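The values are calculated or read from the model by the stated rules, or taken from the named source; none is laboratory data. Here the structure is a predicted model, which is why all the values come from computation and not from measurement. All Cβ positions, glycine included, derive from the backbone under ideal geometry; neighbour counts span all protein chains shown.
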Amino acid sequence: MSDMPIEPQDFCGGVKVVDFGDLRVARGLTRRPVASCRHLHLVYDNNERRVWCEDCESEVEPFDAFKAVCENIDSATNRLKRREQEVKEAEQFATRSRAVKALDKAWRSHHQAPMCPHCREALLPEDFSSGAMTTGRELARAARRR
């Protein structure tokens with residue numbers, strides 16, 4: 001290849017598109033301005049004991065790097081807590097669904113009726129025809145403990 005410089009050609013029609021990133025690199029700057037970079041891709045060097053950003057190619061203050069790591073860990077912890085809460089809700093729903101399926105299976109039997117596990121009375125579908133009476137779960141659990 002020759003060492004002759006490449007001369008840009010102006011085209012007759014159309015808009016000339018300029019990439020500002022290339023202009024910044026040509027002037028000895030980084031592709032991305034430092035002010036707009038959030039330093040999401042941090043790289044550390046044990047030998048030089050420094051932290052720098054892979055995006056904007058600038059050195060990052062140790063406190064800013066520590067803050068970025070803490071924010072990343074905090075967001076990951078929050079995601080895990082939300083996921084744990086979703087799993088607990090799904091497990092409670094599955095337990096409720098299994099209980100309803102067991103009651104439905106017992107009521108479909110023509111000769112058997114499910115019994116209340118607490119008072120040992122038979123539960124018939126007719127008992128619920130006008131709607132189920134409800135009470136607070138904590139009150140019911142406290143009454144069973146007594």
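I'd like to check something: does segment 70-92 contain any residue that is in contact with a Ser or Thr (Cβ under 8 Å, 6 or more places away or on another chain) and either assigned to a strand (DSSP E or B) or within 26 Å of ARG145 (Cβ to Cβ) (or both)?
Applying the first criterion (in contact with a Ser or Thr (Cβ under 8 Å, 6 or more places away or on another chain)) to segment 70-92 yields none.
Checked against the condition, which is being in contact with a Ser or Thr (Cβ under 8 Å, 6 or more places away or on another chain) and either assigned to a strand (DSSP E or B) or within 26 Å of ARG145 (Cβ to Cβ) (or both), segment 70-92 yields no hits at all.
Can you tell me which residue within segment 84-130, out of those that are of a type in the set (S, T, N, Q) and under 23 Å from ALA143 (Cβ atoms), is farthest from the chain's Cα centre (by Cα)? Step through it out loud before you land on a result.
The initial filter retains those residues of segment 84-130 that are of a type in the set (S, T, N, Q), namely 85, 92, 95, 97, 109, 112, 129-130.
Checking which are under 23 Å from ALA143 (Cβ atoms) leaves us with 92, 95.
On the way: GLN92: 21, THR95: 25 Å.
So, considering only residues that are of a type in the set (S, T, N, Q) and under 23 Å from ALA143 (Cβ atoms), the one farthest from the chain's Cα centre (by Cα) is THR95.
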Quiz item: Which one of these does ASP10 not meet: (1) farther than 20 Å from GLU71 by Cβ; (2) at pLDDT 65 or above; (3) among the acidic types (Asp, Glu); (4) in a loop (DSSP other than H, G, I, E, B)?
Solution: (2)
Quiz prompt | Subset of segment 108-146 that is touching a helix residue (DSSP H, G or I) at 6+ places or on another chain (Cβ under 7 Å) and at pLDDT below 80 - its residue that is surrounded by the fewest Cβ atoms within 10 Å (Cβ to Cβ) | solution = HIS118
Quiz item: Within segment 109-146, which residues are of a type in the set (D, E, K, R), part of a helix (DSSP H, G or I) and under 19 Å from ALA99 (Cβ atoms)?
Solution: ASP127, ARG137, GLU138, ARG141, ARG144
